[in-house]
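In what follows, a single structure is set out as C-alpha cells and then discussed.
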Amino acid sequence: DKLAKELGRDKMHGLTYIVAMTFDSLLLQDFPPLYRYAAHKLDRSHIHTTFSASHAPKLRIKPGELVHVETWDCFHGAYFKKCDKVGQDDSTNDYLPLPIPSPEEVSVNISNWNPVTGPIFVDGAKPGDILSITIHDIRPKLHGVASNYGPGAGQLGRLVTKSCIRYFEISKDRTSVVMQCDRRGRSAHRAQNTNNSLPEIKFPCRPMLGVIGLAPKGELEISTMPAGKHGGNLDNKINTIGSTIHIPVNHPGALLSIGDMHASQGDGEICGTGVEVSGDVLLSCSITGSSEIAENEYPITETKTHWVTHGVAVEDIPRATTIASEEAALLLTKEWGFSMEDACVFLGVAGDLGLCQAIHPDKGTVIAKMSVPKIEACPRPYRRLKK
C-alpha cells in the first residue's frame with residue numbers, strides 16, 4: 001500500500017508494478033518487451049525539436065497510467081549506427097560507435113539537436129494546473145558519447161587546445177560507465193599514455209533526463225535547446241529515477257515531451273554535454289489544481305529527501321541563482337508560513353544553491369537550482385500535494 005501511494009496510483013496499479021519489477025529482477029534484465037506492464041508506449045519516431053502547442057499530441061493518457069517512452073540521444077543518433085540484432089533484447093542490441101571523426105569532420109546539424117519524444121496529452125490537465133511527472137525508471141542504451149566544443153567554450157575553454165569526442169560503454173546492469181577513445185574499447189586514459197598501468201576512467205552510471213517540458217504559453221515556439229518556465233533543457237542531474245518534476249500547465253492536456261537522456265552528467269555540464277545516450281523511460285503523471293498551490297513560475301523537482309527549485313537566465317549566472325532562491329522562498333512563505341526573513345536565513349543555513357547548466361561563456365540559458373531539505377516544517381513543495 002505504501003509503495004502504491006508513493007507511485008501515485010491505486011493499490012492494484014501499485015501491486016502490478018511491484019510484481020512486474022520483481023519478475024524483471026528474477027529474469028534476465030531488460031528481457032523484452034521492456035515495461036510490459038505499462039499502459040502505453042510512445043516510440044522515438046514521434047519526435048520534434050521545439051516546444052509548442054502547435055504540435056499535435058502523439059499519445060493520450062490518463063493520470064496515474066504507466067507510460068513507456070523511447071528517446072534519442074541529443075545528436076539524434078549522428079555518432080552511432082544500428083547494429084544487427086543478435087537476440088531479442090533491443091536494449092542490449094545497442095547502437096555501435098562510428099570511428100571517431102576528426103574535429104574537421106564533426107558536422108552535426110544543430111537543427112536536429114535535442115529531439116524530444118511527444119507530445120503526450122494528459123487527460124484533465126488545464127491551464128493553471130501543475131503537472132507532476134514521476135520518473136519510475138530510466139534504462140540507457142549501452143553506448144554513449146560526449147564532447148567538448150574546443151578552445152573558448154566552457155569553463156576550461158582557455159586551457160583546451162582542440163575539440164574532442166569520447167565514447168562511453170555502459171555496463172549491462174547500468175551501474176558503471178567507462179570512457180573510451182575508440183570503438184575498439186580502449187580506455188581514453190590508457191590510449192593517450194604509454195603507462196599501461198594507469199586505471200581506466202570508470203565511474204557510476206547516473207541516468208537522468210536533460211529535457212522535460214510542456215508546451216509554453218500562448219503561441220510561443222521554443223527550441224528544445226534552452227530551458228524556461230515551461231521546463232525544457234533543465235539539465236538537472238536529479239531529474240532521475242524516483243524523482244517527480246512539477247511543471248505549470250499552459251494548455252489543455254499539458255503536452256508533455258521528454259528527451260536528452262544522459263548516462264551521467266555533472267553539475268554545470270561544463271564541457272557542453274553529458275554522456276549522451278538513447279534509451280527507455282517509464283513515467284506517470286498526476287495533476288494538482290491551480291487553486292491549491294502557490295504560484296511558482298518555474299519547474300520544481302522533488303526527491304525522497306529534498307525539493308528543488310530552478311532559476312533560468314540568459315548568460316547571467318547571478319540572475320539565475322537569484323530566481324532559484326526566490327522560487328524556494330515563495331514556497332516557504334506561501335505554502336509553509338515562513339516569514340521572508342526566516343526563509344532567507346533557513347535557505348542560507350540549510351539550503352544548497354548550485355548550478356545545473358553553466359557552460360560559461362557560451363551563449364544560451366544558464367540554470368541554477370536551490371535544494372531544500374524535507375523537514376517537518378516544509379516536507380514537500382506544495383502543502384496540498386499527497387504525501
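Once you have the Cα-Cα distance between Thr175 and Val349, take 0.36 nm times their residue separation minus that, and quote the gain in nm to one decimal.
So the extension gain works out to 59.3 nm.
Write down the radius of gyration of the range 222-355 and its Dmax, each obtained from C-alpha positions, in Å.
Gyration radius and largest Cα-Cα distance of the range 222-355: 15.4, 45 Å.
Send over a whole-number figure in Å² for the accessible area per residue of the range 272-387, probe 1.4 Å.
44 Å²
Would you kindly state how much longer the chain becomes between Lys217 and Thr161 on full extension, computed as 0.36 nm times their sequence separation minus their alpha carbon distance, in nm to one decimal?
Extra length available between Lys217 and Thr161 comes to 15.9 nm.
Label points 7 Å out from Cα along the Cβ direction at Lys126 and Val314: separation in nm?
3.4 nm
Over every pair of different alpha-carbon atoms in the range 280-385, take the mean of 1/r and invert it; report that Kirkwood radius in Å.
14.5 Å
Just how far, in whole angstrom, is the range 221-286 from the range 365-387 if you go by their alpha carbon centroids?
18 Å
Which parts of the range 219-239 would a label at Lys374 reach, counting a residue when its backbone N lies under 16 Å from a point 7 Å out along Cα-to-Cβ?
238-239
Heavy atoms of the protein only, probe of 1.4 Å, neighbouring chains included. What is the accessible area of Glu302 in Å², nearest 10?
30 Å²
If you rank Arg60, Arg174 by how much accessible surface each has, with a 1.4 Å probe, what is the order from largest down?
Largest accessible area first, the residues go Arg60, Arg174.
Applying the Karplus parametrisation 6.51 cos²θ - 1.76 cosθ + 1.60 with θ = phi - 60° to the phi angles of the range 139-152, what ³J(HN,Hα) value in whole Hz is obtained for each residue in order, glycine and proline being reported as x?
10, x, 5, 9, 9, x, 9, 9, 7, 10, 9, x, x, x
Listed highest first by mean packing, meaning other Cβ atoms within 10 Å per residue, what order do 153-166, 34-47, 273-286 come in?
273-286, 34-47, 153-166
The values are calculated or read from the model by the stated rules, or taken from the named source; none is laboratory data. Everything numeric here is computed off the predicted structure, so don't read it as measured data. Cβ sites come from the backbone with ideal geometry, for glycine too, and all protein chains shown count toward neighbours. Calculation scope for accessible area: heavy atoms of the full protein, side chains included, ligands and nucleic acids excluded. Shrake-Rupley method; radii C 1.70, N 1.55, O 1.52, S 1.80 Å.
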